[in-house]
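Engineer: Structure in structure tokens, see below.
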Amino acid sequence: ARKQFCGSVEVYIREFMPLEWSLSHDRSSHNAFVKVIVDKRVKGKQTVLGIHYVGPNAGEVMQGYGAAMKNGLTYEHLKDTVGIHPTSSEEIVQISVTKSSGDSASAGGC
């Protein structure tokens, strides 16, 4: 994506503990991860180029985002969306840390 979009790519990242994993001691050391890749050439309209999600129910979580991307999903659309709580998908619409910032991608608890 960086090569195709001439370096105009921003990558948002988030690591979090899904609620259903936090209830099991066997899974408590594993986190889920989401990455949203956007084209940042147009300020205020960062088109989503891709979303990567590793976590529970990935197929169900990603299906709606795939349809939205085909219809011009932007980062601003994600930020304007109220996430259903408590769901893993909620973490995608709350994503705000960029990889280039060097800040921690770890989400805080409730």
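The values are calculated or read from the model by the stated rules, or taken from the named source; none is laboratory data. Remember, it's a predicted structure, so these values are computed and weren't measured experimentally. Reconstructed Cβ throughout: ideal geometry from the backbone, glycine too, with neighbour counts over all protein chains shown. Only protein heavy atoms, including side chains, enter the accessible area calculation; ligands, DNA and RNA are left aside. Shrake-Rupley method; radii C 1.70, N 1.55, O 1.52, S 1.80 Å.
Engineer: Taking residue 103 and the conditions (1) under 13 Å from the mean Cα position of the chain (by Cα); (2) closer than 14 Å to residue 13 by Cα, which numbered condition does it fall short on, given that it satisfies the others?
Structural biologist: (1)
Engineer: Hey, residue 6 hits all of (1) of a type in the set (A, V, I, L, M, F, W, C); (2) farther than 18 Å from residue 105 by Cβ; (3) under 12 Å from the mean Cα position of the chain (by Cα) but one; which does it fall short on?
Structural biologist: Going through the list (1) of a type in the set (A, V, I, L, M, F, W, C); (2) farther than 18 Å from residue 105 by Cβ; (3) under 12 Å from the mean Cα position of the chain (by Cα), residue 6 breaks only (3).
Engineer: Still on this structure: Pairs only if they're at least six apart or on different chains, beta carbon under 6 angstrom, first in segment 10-24 and touching a residue at least 12 places away in the same chain (Cβ under 8 Å) and within 26 Å of residue 46 (Cβ to Cβ), second open to solvent by 40 Å² or more (accessible area, probe 1.4 Å) and hydrophobic (A, V, I, L, M, F, W, C); list them, first residue then second.
Structural biologist: Once the first residue is touching a residue at least 12 places away in the same chain (Cβ under 8 Å) and within 26 Å of residue 46 (Cβ to Cβ) and sits in segment 10-24, its partners that are open to solvent by 40 Å² or more (accessible area, probe 1.4 Å) and hydrophobic (A, V, I, L, M, F, W, C) give 15/33.
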